[in-house]
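Take a look at the structure set out below.
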Amino acid sequence: METETPAKLPAPATRDKEKQGTSASRRRGPGILIFVVVLLVLAVLAWWYFNRQLRERDDARIDELATQVSDLGRANEQLRRDIDSVRARANDVESMNRGIREEVLSFAERSRSLEDAVAHLAEQRLNNRDVMALNEAEFILQLAGERLALFRDAHGAMAAYRLADSALAAAEDPLFASVRQTISAEMQALDAAKPLQTAATLKSLADLRVGLLGLPMKSAAERVTTATPAERSRLREILDQFVRISHDDGAPALAARDEKLSRSLIAIDLRAAEAALFARDQEAFEDAVKRAHAGVEANFDSNAPAVRTTLATLEHLAATPLAPALPELGTALNELRNLRTTRALAHPMKPVPTPLEVSPGGEPKP
């Protein structure tokens, strides 16, 4: 059997303290509850106020964002319209560029055609210039040969040959260089014949006619005594058929009256020499010059310097051959004609190409 231990009772003081503590805790219990409730209410109020502030701030932010979204929508719409406008303009520019490209291509084609046409025209112009130069040279060479054959005018023929050589020098085809060499050879042959200078001779005869007026005359006695037997006999043979001539004391006066007639007869002889020079009549020219020489010698004072100069000029003209043996021309002309015929067969003329026409739209026309 177990031994029961009797319970020990607390001391009276300890029981009083416990009772006081329990009563004190009972008195503090409602205050703490109220404090907790107040804290909870304050927390709820604070949370509500803070939440309200957050909501207001979020609402303002949402409104601001909505405004921004609306602005962005309008800006986006404007950008869309601008993009559509730019796209339309880009399409227009592309179509315009396509048209310009087609026009440029057509212009390029037309420019190529024009370049070909211009090149051909330039070539044809050169050919035409050469043809004109060759035609001129051929005509002048033919004219020189005919003038030499008809009038024995060697100096005129040489001048024509110089013109023909300058005309051939204008041609750019080197094929005709040999013709110029032939022309030079024929000019040397003409110059070697030493023909009489027509212009210089005409000037000399004209100067002699003008100088007759200033030549001093011989006295009447000197002119009668210095007349040659041939002149007296020829004159006597002519006059004896009509009259009988005898000399008396009046002969010097008659000779003085014949001074003007003597000058006129010599001038007529010089004119006859000019006519013979134009006609290329060697015999008539020599006879006229010799008659003028005899007239000056018979009627003018041979001691005067002017008379001696006139007589020397007439002697020089009488001794100069008017129409010496001239060479035959025509070699250069025949060579030029043969070369032209050969060139025409080797290079026939080509037709000029017609350039393309372009319509206003830029498309080439046939």
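The values are calculated or read from the model by the stated rules, or taken from the named source; none is laboratory data. On a predicted model such as this, the values are computed, not experimentally measured, just so you know. Don't worry about glycine lacking a Cβ; one is built from the backbone with ideal geometry, like all the others, and counts go over all protein chains shown. Side chains included, ligands, DNA and RNA excluded: accessible areas come from the protein's heavy atoms. Shrake-Rupley method; radii C 1.70, N 1.55, O 1.52, S 1.80 Å.
Among the residues of segment 302-325, those identified as open to solvent by 50 Å² or more (accessible area, probe 1.4 Å) and not aliphatic (A, V, I, L, M) are ASN303, PRO305, ARG308, THR309, GLU315, HIS316, PRO321.
Which of the helices (runs of 4 or more DSSP H) found entirely inside segment 261-366 contain at least 1 residues meeting this: closer than 17 Å to VAL210 by Cβ and either at pLDDT 90 or above or of a type in the set (A, V, I, L, M, F, W, C) (or both)? Give the derivation first.
Working: elements: 282-299, 305-319, 331-346.
Counting at least 1 such residues, we get 282-299, 305-319.
Yes or no: ALA169 touching a Pro at 6+ places or on another chain (Cβ under 6 Å) and either open to solvent by 10 Å² or more (accessible area, probe 1.4 Å) or not in a helix (DSSP H, G or I) (or both)? No; evaluated as a whole, the condition is false for this residue. Filtering segment 175-186 to residues that are open to solvent by 40 Å² or more (accessible area, probe 1.4 Å) and modelled with pLDDT of 80 or more leaves ALA177, SER178, ARG180, GLN181, SER184, ALA185. Annotation note: Cβ proximity below 6 Å between a residue of segment 294-305 that is of a type in the set (Asp, Glu) and a residue that is open to solvent by 20 Å² or more (accessible area, probe 1.4 Å) (sequence gap 6+ or interchain) occurs for ASP301/PRO216; ASP301/LYS218. ALA275: without any contact (Cβ under 8 Å) to a residue 40 or more places away in the chain, surrounded by fewer than 15 Cβ atoms within 10 Å (Cβ to Cβ) and under 57 Å from the mean Cα position of the chain (by Cα), yes or no? Taking the combined requirement at face value, the residue satisfies it. Of the residues making up segment 128-157, those that are open to solvent by less than 20 Å² (accessible area, probe 1.4 Å), under 13 Å from GLU328 (Cα atoms) and in a helix (DSSP H, G or I) number 5. In segment 143-159, the residues that are under 17 Å from PRO321 (Cα atoms) and among the aliphatic types (A, V, I, L, M) reach residues that are open to solvent by less than 80 Å² (accessible area, probe 1.4 Å) and assigned to a loop (DSSP other than H, G, I, E, B) with C-beta atoms within less than 7 angstrom, at least six apart or across chains, in these pairs: LEU148/LEU326; LEU148/LEU329; ALA154/ALA193; ALA154/PRO195; ALA154/LEU326.
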